[in-house]
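Notes follow the structure.
The values are calculated or read from the model by the stated rules, or taken from the named source; none is laboratory data. All figures in this text were calculated on a predicted structure; none of them were measured in a lab. As a convention, Cβ positions derive from the backbone with ideal geometry for all residues, glycine included, and neighbour counts pool all protein chains shown. Ligands, DNA and RNA are stripped out before the accessible areas are found, and what is left, the full protein with its side chains, is counted by its heavy atoms. Shrake-Rupley method; radii C 1.70, N 1.55, O 1.52, S 1.80 Å.
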Amino acid sequence: MLTVYCDQLPNSYLLILASERQATDPHALARALGRAGRSGKTSVWVDCSLLALADATPDTGLLLRAYHEAFAARGIEMVVAHASPELRQCLVGPRSKPGPALVDSLVDASNFKLLPALE
């Protein structure tokens, strides 16, 4: 099961995905991503370092991809840090629709160049 911790940083909105033993809200990630999109930040960072392999499901990847595409249409960059190889595979999209930026750490996320604003 998945718990999502949120924090607003000066230039981005940080989501930390963490696995829990007890049942948690299955819609927590979708709600947290929705809040991140409404935060007014130009970048959303998703840290998967506390995410167990069992929670890095294709459904999690599809949800992150869907929000990435919605964010990109609004000029918001999504950066995913510490994704497992399985989750990375779900996030990589076809060349016509690239997935979110994948980085090894949050330090790399802070150095990531944001997309130019859509006009």
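What to note about this one:
- Selected residue (only one of Arg65, Arg88 is open to solvent by 50 Å² or more (accessible area, probe 1.4 Å) and either out of contact with any helix residue (DSSP H, G or I) (no Cβ under 6 Å at 6 or more places or on another chain) or assigned to a helix (DSSP H, G or I) (or both)): Arg88
- Total residues in the range 91-104 satisfying the condition of being more than 13 Å from Val44 (Cα to Cα) and either open to solvent by 30 Å² or more (accessible area, probe 1.4 Å) or at pLDDT 95 or above (or both): the figure is 7.
- Flag for Ser19 being of a type in the set (S, T, N, Q) and under 11 Å from the mean Cα position of the chain (by Cα): no
- Under the condition of being within 17 Å of Ser39 (Cβ to Cβ) and either at pLDDT below 90 or surrounded by fewer than 17 Cβ atoms within 10 Å (Cβ to Cβ) (or both), the residues counted in the range 73-85 number 3.
For every residue, the table says whether it meets (1) on the phi < 0 side of the Ramachandran plot; (2) of a type in the set (Asp, Glu); (3) open to solvent by 30 Å² or more (accessible area, probe 1.4 Å); (4) part of a helix (DSSP H, G or I).
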{"position": "Leu17", "(1), (2), (3), (4)": "yes, no, no, no"}
{"position": "Arg21", "(1), (2), (3), (4)": "yes, no, yes, no"}
{"position": "Lys41", "(1), (2), (3), (4)": "yes, no, yes, no"}
{"position": "Cys48", "(1), (2), (3), (4)": "yes, no, no, no"}
{"position": "Thr60", "(1), (2), (3), (4)": "yes, no, no, yes"}
{"position": "Ala70", "(1), (2), (3), (4)": "yes, no, yes, yes"}
